[in-house]
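Structure first, commentary second.
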Number of protein chains: 2
Amino acid sequence: MSSASKTLDLLTYFTVDRPEIGLTRLCRLADRDKATTYRHLQSLEGAGFVEQNPLTKNYRLGPRLLQLAQIREVTVPRSAGVEAPLNVLADATGETSHVSVLSGQTLYTLEAVESPRHSIRVIMDVDTFPLHATSSGHCALAFGSPALMDVAAGSLTAFTETTVTDPQDLRTRVEVTQSSGFARSTGSFEDDVYSLGVPLFDQTGLFAGAVSTASVASRFTPELEQIIKSHLIIAARAITRNWGGTVPASVEAAWAATLAQPQELEPST
Amino acid sequence: MSSASKTLDLLTYFTVDRPEIGLTRLCRLADRDKATTYRHLQSLEGAGFVEQNPLTKNYRLGPRLLQLAQIREVTVPRSAGVEAPLNVLADATGETSHVSVLSGQTLYTLEAVESPRHSIRVIMDVDTFPLHATSSGHCALAFGSPALMDVAAGSLTAFTETTVTDPQDLRTRVEVTQSSGFARSTGSFEDDVYSLGVPLFDQTGLFAGAVSTASVASRFTPELEQIIKSHLIIAARAITRNWGGTVPASVEAAWAATLAQPQELEPST
DNA sequence: AGTAGTGGTTCATATTGTGAACCCTTGTTT
DNA sequence: AAACAAGGGTTCACAATATGAACCACTACT
């Protein structure tokens, strides 16, 4: 491991719960020598990545990060971090995949890719997603601001025969999404389109969008569903990471629990 | 220079005007060997501080910065970066010094410190500053959003006999502040209180607040004014830096020009 | 006065970083 | 199509740099 990597690694120990760390404490956390850690901190401080609280002598993240983050934010569009994972998802599942972002109270399409594997496939031709009728929408309701539920409940347009139009029914389904980590739509927006989606998060730690797949209903077997789910998780982690966020532990746990379920049918060791 | 410092130094070459840099180009910019630079970039990429544009192979700032900046922002209050420079300012000038921050269309006191040097001194007992009558306010008008001028022009309360109450007069004075880099108030808010102020900027690159001194009028000699001005600049640079900003070149130039003026009376080489 | 905690420093040791020269790929010129 | 240039990435002998045990200085508590 290079010295530079070790130096940068020190920054991982600063979190919102532990914003200031003393030299000795950081040594223990990183399991490194004091002299080494001190020199590394000097380098970081010189570059403005950490600064020392003049009172406590503890170290904390420095102002330089604000500058660089600003440049990144202004400079790299959200879509840049979406393309690669979305292609992988479409490739691995063979299904049309897309990412939507929440802006205000609306979910907009950020990017969509179709897999060429099947000649019959779902074409994405919408650019905003109704919250109550799509898997991305359900992700927003389940993991976004509670205020979104009021917005959704206010316009329960029936797109198909299976569209959820009862507020209480919607609430129940959103609860399932919360506890499973996956949103599921079986023809509720367009007939014969089954969709699975998972939430995305950005650097604020809040819900920022969703990634989902849309399959033609006739192809949607339990086996495919398993494959899609596992690849949705991979995509969600990658995109969330690229947006400066981390997948909340509760969501990771929900995913793990959901994916473990089918295996329970097999005899365990 | 440590390897870690050299590695971190690479990040300085990324700006809003130059968001993506190729390996060879970065070598030329940093004047370093290609292999070295490549390894440094690998370290940075491993930590998420840079990422590679998969199409162009150019490097750009990475998502990790967003996370860390978020932690810094949530964790370190603005006031933390103000205390030390403000104490230095009060110490060096012997005058009451304070920092105000712009929130919406209002300037609030963030922190004030009195110098114990003189027994007669200005006590700061306000917590919002009228834009038209204080040096901090003039900084906001000169370097903040143009919309502030409309707000200010809408309530030109006369606090003293010298308070500017004519909109056109105010505009002229703000122009002087813009071109000199310094705001000056001679008893316009409180009688016998002369004040000098300079603008502060944050990571967005916009006006974020002001740092200023308040002197009793009888003490305010041209010599003191020079001393205050030079120390205001030092404080403004330090605070701006700590807020993740940089002093705009135009402001730096204005300061340099203003400070150079008295020397012009001396014969030049 | 003693103890245990902190941040910071030293110096011999050896791990690590370094850069000239290399390869490979792509796109352009002749 | 052959030659060329320019970019990213890699190699390996060499040397600079990082490392950590032991150290100092300071503070707070016993």
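For B:R219, inter-copy separations between label points set 7 Å beyond Cα along the Cβ vector come to 7.9 nm, shortest first. Extents of the stretch A:182-229, taken as max minus min of Cα coordinates on every principal axis and listed largest first, are 39, 22, 10 Å.
Dividing the helix sum by the residues of chain B, where each DSSP H run of 4 or more adds -39500 (n - 2.57), gives a mean residue ellipticity at 222 nm of -13000 deg cm²/dmol.
Beta-bridge orientation, chain B: approximately 100 percent antiparallel, per DSSP, counting only bridges with both partners inside.
Would you mind giving the mean number of other chain beta-carbons within 10 Å of the Cβ of each residue in B:33-46, as a whole number? Mean partner shielding for this stretch: 2. Computed packing ranks the peptides B:246-252, B:58-64, B:191-197 as B:58-64, B:191-197, B:246-252, most packed first, by mean other Cβ atoms within 10 Å.
A Förster distance of 25 Å, applied to the separation of the beta-carbon atoms of A:I120 and A:I234, puts the FRET efficiency at 0.50.
Across all directions, the average projected area of the convex hull around the alpha carbons of the stretch A:3-69 is 4.4 nm².
Between A and B, buried accessible area from a 1.4 angstrom probe totals roughly 3700 Å², ignoring ligands, DNA and RNA.
How large is the Rg to Rh ratio of the protein assembly as shown when both quantities use alpha carbon positions and Rh follows Kirkwood?
Working: Rg = 28.5 Å, Rh = 26.7 Å.
So for the protein assembly as shown, dividing Rg by the Kirkwood Rh gives 1.07.
A label point on B:R28, set 7 Å along the Cα-to-Cβ line, lies at 5.1 nm from each of its counterparts in the other copies, closest listed first.
In terms of Cα to Cα distance under 23 Å, which lysines are near enough to B:K34, apart from those fewer than 8 places away along the same chain? Answer for B:K34, where 23 Å is the Cα cut-off: A:K6, B:K6, B:K57, listed by chain and number.
Assuming R0 = 56 Å, can you tell me the calculated FRET efficiency for the pair A:V176 and B:T258, based on Cβ-Cβ distance, to the nearest 0.05? Calculated transfer efficiency: 0.25.
Among DSSP beta bridges whose residues both lie in the protein assembly as shown, state the antiparallel percentage, nearest 5. Walk me through the numbers before you get to the answer.
Working: 66 of 66 bridges.
Of all bridge pairs located within the protein assembly as shown, approximately 100 percent are antiparallel.
Which order do the peptides A:66-79, B:31-44 take when ranked by the mean count of other beta-carbon atoms within 10 Å per residue, highest first? Each step should come with its number before you reach the end.
Details: A:66-79: 19.7, B:31-44: 16.0.
Ranking the peptides A:66-79, B:31-44 by packing returns A:66-79, B:31-44.
The alpha carbons of chain B stretch over 67, 47, 35 Å along the principal axes, in descending order. Label position 7 Å from Cα toward Cβ: report the copy-to-copy distances for A:K57 in nm, one decimal, ordered from shortest. So the label point of A:K57 gives 4.9 nm to the other copies.
Counting charges near A:V247 (Lys, Arg +1; Asp, Glu -1) among other residues having Cβ under 14 Å from its Cβ returns a value of 0.
Closest approach to the axis carrying A onto B, counted by Cβ on chain A and given in whole Å with its residue, is A:A69, 2.
Per residue, how much accessible area does chain A show when a 1.4 Å probe rolls over the protein heavy atoms, in square angstrom?
46 Å²
For peptide A:53-65, the mean count of partner chain Cβ atoms within 10 Å of a residue's Cβ comes to 5.
Please report, as a whole percent, how much of the solvent-accessible surface of chain B comes from carbon and sulfur atoms (probe radius 1.4 Å). In chain B, the share of accessible area belonging to carbon and sulfur is 51 percent.
Quote the FRET efficiency, to the nearest 0.05, computed for B:T24 versus B:Q52 with a Förster distance R0 of 22 Å and r equal to the Cβ-Cβ distance.
On the way: r = 14 Å, r/R0 = 0.63.
With R0 = 22 Å, the Cβ-Cβ based efficiency is 0.95.
The values are calculated or read from the model by the stated rules, or taken from the named source; none is laboratory data. The structure displayed is predicted, hence computed values, not measured ones. Using ideal geometry, Cβ is built from the backbone for each residue, glycine included, and neighbour counts are taken over all protein chains shown. Ligands, DNA and RNA are stripped out before the accessible areas are found, and what is left, the full protein with its side chains, is counted by its heavy atoms. Shrake-Rupley method; radii C 1.70, N 1.55, O 1.52, S 1.80 Å.
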